[in-house]
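The values are calculated or read from the model by the stated rules, or taken from the named source; none is laboratory data. Just so we're clear, the structure is a prediction, and the values are computed from it rather than from any experiment. In this analysis, Cβ positions are derived from the backbone assuming ideal geometry, glycine residues included, and neighbour counts consider all displayed protein chains.
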């Protein structure tokens, strides 16, 4: 009687084929989820940093300039170092979006203009963070 201590080549090929099919189904949705997570995180960070800049302007009764580039943004706090944050790969700020984002918060926490900041992901999704004339910050 022969001992059967292993797998046959056919069994191994079937298992590899099943793993390949499951991977082909799962990987694209995981990549899309990852890009969506990057976009949501970038929008959350930007909105939190805008709230921080507004509160610092009120606390210090001083203007807080805002500078936006396609891949980062900077807030210059009075008397302290500036805060610069890079956006994750595949996420950019749409600088051509109208109306443009405000350029500073005044000493009372009110932006110089009302405007939107549109954040785009490489998969075509976007989030808009809006600032009203009285300094209310909301995102869609």
Worksheet, complete the sentence: For the range 129-140, the count of residues that are in a loop (DSSP other than H, G, I, E, B) and surrounded by 13 or more Cβ atoms within 10 Å (Cβ to Cβ) equals 1
Discussion item. Among the numbered criteria (1) surrounded by 12 or more Cβ atoms within 10 Å (Cβ to Cβ); (2) at pLDDT 90 or above; (3) not in a strand (DSSP E or B), which one does residue 119 miss?
Written reply: (3)
Worksheet item: Can you find even one residue in the range 80-87 that is under 23 Å from residue 33 (Cα atoms) and in contact with a helix residue (DSSP H, G or I) (Cβ under 7 Å, 6 or more places away or on another chain)?
Response: yes
Practice prompt. Among the residues of the range 121-140, write down those that are in contact with a strand residue (DSSP E or B) (Cβ under 6 Å, 6 or more places away or on another chain) and free of Cβ contacts under 8 Å to residues at least 60 places away in the same chain.
Written response: 128, 130, 138, 140
Discussion item. I need a count of the residues in the range 55-93 that are in a loop (DSSP other than H, G, I, E, B) and under 17 Å from residue 119 (Cα atoms).
Written reply: 7
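Every residue, every condition in (1) at pLDDT below 85; (2) surrounded by 13 or more Cβ atoms within 10 Å (Cβ to Cβ); (3) under 13 Å from residue 43 (Cα atoms), yes or no:
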| position | (1), (2), (3) |
| --- | --- |
| 67 | no, yes, no |
| 77 | yes, yes, no |
| 87 | no, yes, yes |
| 91 | no, yes, yes |
| 102 | yes, yes, no |
| 106 | no, yes, no |
| 124 | no, no, no |
| 127 | no, yes, yes |
Worksheet item: Quick one: is residue 42 touching a strand residue (DSSP E or B) at 6+ places or on another chain (Cβ under 8 Å), modelled with pLDDT of 90 or more and surrounded by 10 or more Cβ atoms within 10 Å (Cβ to Cβ)?
Response: yes
Discussion item. Just to check your reading of the model, which residue among 48, 96 is under 14 Å from residue 118 (Cβ atoms), surrounded by fewer than 15 Cβ atoms within 10 Å (Cβ to Cβ) and without any contact (Cβ under 8 Å) to a residue 24 or more places away in the chain?
Written reply: 96
Worksheet item: Scanning for something surrounded by 10 or more Cβ atoms within 10 Å (Cβ to Cβ), at negative phi and part of a loop (DSSP other than H, G, I, E, B), does the range 7-27 turn up at least one residue?
Response: yes
Worksheet entry | Conditions (1) assigned to a helix (DSSP H, G or I); (2) closer than 23 Å to residue 138 by Cβ; (3) under 22 Å from the mean Cα position of the chain (by Cα); number of the one not met by residue 99 | (1)
